[in-house]
Amino acid sequence: MRKSGVVASLSVVGLVVAWAAAVGGAATISAAADAGQSGLRSNEAAPDRALLDRYCVTCHNARLRTAGLTLDDIDPGNVGAHAETWEKVLRKIRAGQMPPVGRPRPEAASSAAFMRALETSLERAADAAPNPGRPTVHRLNRTEYANSVRDMLALDIDGHSLLPADDTDAHGFDNNADVLTVSPVLAARYLSAARKIARLAVGRSTATTIETYRLARELIQDDRLDERLPFGSRGGTVIDHYFPVDGDYVVKIRLQTNNFNYIKGLADPHDLEVRLDRRRVKVFEVGGKKEGAPPASWGGTLYGSPEWEQYALQMHDDLEVRFPVGAGEHEIGISFVRKAWEHEDVLQPRQGAWPLSNDEMFDSNPGVDSVIVEGPHSPAGPGDTPARRKLFTCTPRGTGDACARNILSAMARRAYRRPINDRDVQTLMAFYDRGRKNGGFEAGIQQGLERILVSPDFLFRIEQESTDTAGKAYRLTDVELASRLSFFLWSSIPDDELLAAAERGKLKDAAVLEQQVRRMLADRRSKALVENFAGQWLVLKNIRNVSPDADLFPDFDENLRDAFLQETALFFESQLREDRSVVDLLSADYTFVNERLARHYGIPNVYGDRFRRVALTDGRRGGLLGQGSLLTVTSYPNRTSPVLRGKWLLETILGTPPPPPPPDVPALQDRGEGGKIASVRERLEAHRKNPACSGCHAVMDPLGFALENFDPIGRWRTEDSGTPVDASGTLPSGAAFQGMPGLRGLLLQQRDQFATNVTEQLLGYALGRGIEYYDLPSVRRIARGAAPQDYRWSSIILGIVKSGPFQMRSSSIE
């Protein structure tokens, strides 16, 4: 059997070989950067040796080697020789973790002066020998791949169905080049994805396909669930489906079943509407008394009988509609018509997570379980789609070679993120010729597009080197800088304006670079910072995996889970769009809620599914710390965890993670002494009596206790296990605080540390690699530079873009 051009010429092995060739054929790029000229003058602003000897060397010496660290043989007057060690010392002191709890500590003023002197010395050493780091070859992750296809071809694809999930680094980011490996299986998936995307873009996908869209089983469908559904609707869903060609398509609907696999809600009649682009195309009557239906009583042995099974099967077979659709993306809306009456009796309480995820009643409201889209039937041509308009920018004449050359050159320039040379064009035209001979002009374009989508120049971000840059720190070319910038802010390829500026060498101009950054932040694509950076930094992705105890929290459902995520996403996006201070993430006095979430929080007068901004005036919530998403992911299924919440605050908010726990740490007791019911606070106090646990818990637990007024799913409470909640906390330093207001005040006192941590996390995300000790002087500089602007998002982002680690790299060639 003859293989397609892409498969025959670019197998898995071929992809790897081509990638290696691309890396090997490095070209000379920009000249090396000027190194800093001001070295550290002897003992100027050096850390205090006497302070080290008194408070640190007693444990960290060559004899004891506590934690593998020795400070008695290190000269604080030459910090550059041991910069990595000094950065660790600086972080530990700033976190208040050293000296340990119970050991003598210097006065606050002396400690602050020591840290200032150490920072100054480290930064001067970094200036004398710049090290911007060297990211490895960066494969596009799944999100970047899908976004790049969207911006190249005006084609939204489901990256989750085409490609496997990416690994994440220690900070939870999936754009770290070090973990973005390539396997033969992944390479094969890229080949398969390229074929499918090229067919969709060209409009030659005429084979009948079946796509199934499933709704979460825990989704309660008693209300309107999507703003795109009409008022007066209930349940259902809206699907954005891409129809590959003009033709007829069949939509099949499957209804929710209860725990015994019987369709719910058939006792009474319900109207089920199907809409295409918000225009109604079909109304089904579901349930009620009609010929062949079981009686409305539903009782006795009939429930589950063969007659019932036959009726249920027939009901599903009837919920199908066929209609003509033009090629391109369209909305399919499925919803019930909401009735103007409610049940007068008391409905059975809803159950929690699977397998008790739907109540066992048969007379509750019916819901949609899944929607199946099948087609095309009777295909009528490729139609007029945004993808075809983006792709076919000229009309072929004669052999069509000139037009094909223009089309493929334009696509390759966007995909490769650089100017195209003759060799690039010749390779693509060879694939075009093969396809044209077998199927005409458009088949040739399809083959060329497939080749682009599996090219190493598209799949990998390669910053090339040469012998001229050997052993040096050197600046990136403008074209390479444009790619770094677009994948940082958009998780996608540069647009034409940014790429054109880079090709003209304009990004070296600081004013032009700043103008491009502000333009890109104002673009809708900068929402990628919310979805990718914020979602991963704050570990929001974990909310999809939490399952609160169904017996203790029967009100937790998929609707609330979705509302949690939407609240935090809208809140973070508003902070970014309004260019607020990053510190406002902790202190903002507003949030976003719909009726479901407002009811959960106890906020009155909010109705409907639409999220809206509301002011918070009771002092209970505010900023990130009062949001249900974060409170839920830092809890256990059956109880709160001051330890998890305290650890999250130290690690995510302050950037001072505690050391890992020692081995064989005993688990927290389920009850208090003598088997009595006890609050989590009381049980943790007993836990801290273990000397192996007290050191870390003395710092973590007080922070977590301040959030004890929030239960495991973020509701406000005043009691825990019948005991009044004690939300007070006292740190080893003696700082005392009470509840959320006190915790917020404590964190705001450390606003500089919080802003520096946000800068560090954002820089690591921007670089696509882990932050190393030699990056930390740049982190502090960026944060200090943003301080006069009150740490606004734009000032931090601009500081990152203009920094050495972002604009430069170290050579791997010796």
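For residue 110 and residue 58, calculate 0.36 nm times their separation in residues minus their Cα-Cα distance, and state this gained length in nm to one decimal. Mind showing how you got there, number by number?
Numbers: separation 52, 0.36 × 52 = 18.72 nm, distance 1.80 nm.
The span from residue 110 to residue 58 would gain 16.9 nm if fully extended.
Protein chains only, probe 1.4 Å: how do 226, 75 rank by accessible area, largest first?
75, 226
Can you tell me the dipole magnitude for the stretch 572-641 around its Cα centre, using point charges on the Cβ only (Lys, Arg +1; Asp, Glu -1), in Debye to the nearest 20? Numbers along the way, then the final one.
Details: 10 positive and 8 negative charges, 53 e Å.
The calculation lands at about 260 debye.
Quick check: the distance between the Cα centres of the stretch 422-453 and the stretch 102-143, to the nearest angstrom?
About 51 Å separates the Cα centre of the stretch 422-453 from the one of the stretch 102-143.
Leaving ligands, DNA and RNA out of it, report the carbon-plus-sulfur percent of the accessible area of the stretch 506-558 at a 1.4 Å probe.
Carbon with sulfur: 49 percent of the solvent-accessible area.
Could you work out the local net charge near residue 415, counting Lys and Arg as +1, Asp and Glu as -1, over the other residues with Cβ closer than 11 Å to its Cβ?
Summing Lys and Arg as +1 and Asp and Glu as -1 gives +2.
Quick one: which of 264/339; 508/541; 252/541; 390/437; 196/252; 252/339 span more than 27 angstrom between C-alpha atoms? Display every interim value, and only then the final one.
Values: 264/339 16 Å; 508/541 37 Å; 252/541 31 Å; 390/437 24 Å; 196/252 23 Å; 252/339 24 Å.
In this structure, 508/541; 252/541 exceed 27 Å between Cα atoms.
Using only the heavy atoms of the protein chains and a 1.4 Å probe, how would 160, 82 rank by accessible area, largest first?
160, 82
Any chance you could check the Cα centroid distance between the stretch 696-751 and the stretch 474-497 for me, in angstrom?
About 43 Å separates the Cα centre of the stretch 696-751 from the one of the stretch 474-497.
Given 0.36 nm per residue, what is the gain on full extension from residue 551 to residue 438 after removing their alpha carbon distance, in nm?
Working: separation 113, 0.36 × 113 = 40.68 nm, distance 6.32 nm.
Full extension of this stretch gives 34.4 nm more.
Averaged over all directions, how much area does the convex hull of the C-alpha atoms of the stretch 153-212 cover when projected, in nm²?
If I average the Cα hull's projected area over directions, I get 5.6 nm².
Please work out how much length the chain gains when fully extended from residue 329 to residue 378, using 0.36 nm per residue of separation minus the C-alpha to C-alpha distance, in nm with one decimal.
Extra length from residue 329 to residue 378 when fully extended: 15.8 nm.
Using the Cα atoms as the points, what is the convex hull volume per residue of the stretch 386-450 in Å³?
Working: hull volume 5.0 nm³, N = 65.
In the stretch 386-450, the Cα convex hull volume per residue is 76 Å³.
What span do the alpha-carbon atoms of the stretch 75-232 cover on each of the three principal axes, reported in whole Å from largest to smallest?
73, 44, 26
Accessible surface of residue 156 in the full protein assembly, 1.4 angstrom probe, to the nearest 10 Å²?
80 Å²
Using a 1.4 Å probe, how large is the accessible area of residue 812, given in Å² and rounded to the nearest 10?
60 Å²
Using only the Cα atoms, what convex hull volume per residue in Å³ does the stretch 764-814 have?
76 Å³
Give me the mean projected area, in nm² to one decimal, of the convex hull enclosing the Cα positions of the stretch 474-581.
9.0 nm²
Quick one: if you stick a label point 7 Å off each Cα along the C-beta vector at residue 421 and residue 618, how many nm between them?
It works out to 6.6 nm between the two label points.
What are the radius of gyration and Dmax of the stretch 117-161, computed over its Cα atoms and given in Å?
Looking at the stretch 117-161, its Cα Rg and Dmax stand at 20.0, 54 Å.
Could you tell me what % of all Cα pairs in the stretch 726-814 have separations over 21 Å?
Cα-Cα pairs of the stretch 726-814 separated by over 21 Å account for 44 percent.
The values are calculated or read from the model by the stated rules, or taken from the named source; none is laboratory data. Quick caveat, the model's predicted, so the values are computed rather than measured. Every residue, glycine among them, receives a Cβ derived from its backbone with ideal geometry; neighbour counts consider all protein chains shown. Heads up: the accessible areas ignore ligands, DNA and RNA and are worked out on the full protein's heavy atoms, side chains in. Shrake-Rupley method; radii C 1.70, N 1.55, O 1.52, S 1.80 Å.
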